[in-house]
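Trainee: Take a look at this one; I'll ask things after.
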Amino acid sequence: MSSKIALVVEYKGSRYKGWQSQKGRVETVQDFLEKALSKIANHQVSVICAGRTDSGVHACYQVIHFETESIRENKAWVSGANSNLPDDISVVSAVNVADSFHARFGALSRRYRYVIYSKQYRSAIMAKEVTWTYKALNASLMREAAECFLGTHDFTSYRAVGCQAHSPVRTVMNFEVYETDSYIVLDVRANAFLHHMIRNFAGVLIAIGAGEKPVGWAKEVLHAKDRTVAGVTAPPYGLYFVHAEYPVEYGLPSLPLGPHFLPNHKEKNYVTSS
């Protein structure tokens, strides 16, 4: 009799060609996880994730599930997988879930943080962990501009040209822009995201924060429903998948939001759509 296991996974995406397995000799997070779990299960394991991340994108709370006939304690799935994973991928939790659980289709929302390092000189230590700009950014202007993204919209202007989603309509539930030390953080929760959606948000908001575009430009781009009017796509390095939300009955753990180098932040200014 098979059982279904949900794992919470953390990884640094810098050296991987994204989450999803691909043809050819490329390294992906999914490949390494499936290989490690298959070794612990003693059979081939296939995993499904909450949200596929691109090349260079990180995750603090990626949720995956798989089915197995092998009987293991949850801590054995965690420690066993980690002993067979590279240092930049880590399983942090394992939970037995009901057959109705689905990491992708069962997620109520997904949440990302995009971290911008606004400093005159780039950081050598954080070169692949944040997106650096030498430009002085006005977070207040960026916050004001981001309000137009709240709610349900056609986000054609903010998705990649090659995005394969059937519909460009998504619901952004929360969007906060805040400063902490030399970082500006874009904290976004939505029912789902389009390809490059947050990185395109970031590209537009950085231009507004730098004074290169007016606050109203973000809304103009949104209403245009034309990707070509939106400007550059921001780099992947500052993007972190920080949470996936499921019904409480599945028992997934509540963990501190990442990335872990950010100071704790009270969400008192977290703007919520009605």
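Trainee: Would you check which residues across segment 182-241 are of a type in the set (A, V, I, L, M, F, W, C), surrounded by fewer than 18 Cβ atoms within 10 Å (Cβ to Cβ) and closer than 13 Å to Ala145 by Cβ and list them?
Mentor: Within segment 182-241, just Ala210 meets the criteria.
Trainee: Here are Ile198, Ile208: which of them is aliphatic (A, V, I, L, M) and within 20 Å of Gly13 (Cβ to Cβ)? So that I can check it myself, show each step before the final result.
Mentor: Details: Ile208 fails: within 20 Å of Gly13 (Cβ to Cβ).
From the options Ile198, Ile208, the qualifying one is Ile198.
Trainee: Checking Gly80 against (1) surrounded by fewer than 19 Cβ atoms within 10 Å (Cβ to Cβ); (2) touching a Lys or Arg at 6+ places or on another chain (Cβ under 9 Å); (3) more than 20 Å from Glu245 (Cα to Cα), which test does it fail?
Mentor: (1)
Trainee: Which one is farthest from Ala107 (Cα to Cα), of the residues in segment 12-43 that are basic (Lys, Arg) and surrounded by 15 or more Cβ atoms within 10 Å (Cβ to Cβ)?
Mentor: Residues of segment 12-43 basic (Lys, Arg): 12, 15, 17, 23, 25, 35, 39.
Now narrow it down to the ones that are surrounded by 15 or more Cβ atoms within 10 Å (Cβ to Cβ): 12, 17.
Values: Lys12: 22, Lys17: 24 Å.
Across segment 12-43, the extreme among qualifying residues is Lys17.
Trainee: Taking segment 222-257, which residues are β-branched (Val, Ile, Thr) and touching a Lys or Arg at 6+ places or on another chain (Cβ under 7 Å)? First the steps, then the outcome.
Mentor: Filtering segment 222-257 for residues β-branched (Val, Ile, Thr) gives 228-229, 232-233, 242, 248.
Thr233, Val242 - these are the residues of segment 222-257 that are β-branched (Val, Ile, Thr) and touching a Lys or Arg at 6+ places or on another chain (Cβ under 7 Å).
Trainee: Right, next: Quick one: which of Val9, Val63 is surrounded by 14 or more Cβ atoms within 10 Å (Cβ to Cβ) and out of contact with any helix residue (DSSP H, G or I) (no Cβ under 8 Å at 6 or more places or on another chain)?
Mentor: Only one candidate passes the filter, namely Val63.
Trainee: Would a scan of segment 94-104 turn up a residue that is farther than 19 Å from Pro247 by Cβ, surrounded by fewer than 18 Cβ atoms within 10 Å (Cβ to Cβ) and in contact with a helix residue (DSSP H, G or I) (Cβ under 8 Å, 6 or more places away or on another chain)? First the steps, then the outcome.
Mentor: The first filter runs over segment 94-104 and keeps only residues farther than 19 Å from Pro247 by Cβ, leaving none.
Within segment 94-104 (the criterion being farther than 19 Å from Pro247 by Cβ, surrounded by fewer than 18 Cβ atoms within 10 Å (Cβ to Cβ) and in contact with a helix residue (DSSP H, G or I) (Cβ under 8 Å, 6 or more places away or on another chain)), the answer is no, since none of the residues qualifies.
Trainee: Same structure, new question: For segment 9-57, give me each residue that is basic (Lys, Arg) and more than 18 Å from Tyr114 (Cα to Cα).
Mentor: Once the filter is applied, which keeps residues that are basic (Lys, Arg) and more than 18 Å from Tyr114 (Cα to Cα), segment 9-57 yields Arg15, Lys17, Lys23, Arg25, Lys35, Lys39.
Trainee: Tell me which residues, restricted to segment 67-102, are touching a His at 6+ places or on another chain (Cβ under 8 Å) and not in a loop (DSSP other than H, G, I, E, B).
Mentor: Thr68, Val97
We did not get these values from a lab; they are worked out from the coordinates using the rules stated. Computed from a predicted model, the values in this text were never measured in an experiment. Backbone-built Cβ (ideal geometry, glycine too); neighbour counts: all protein chains shown.
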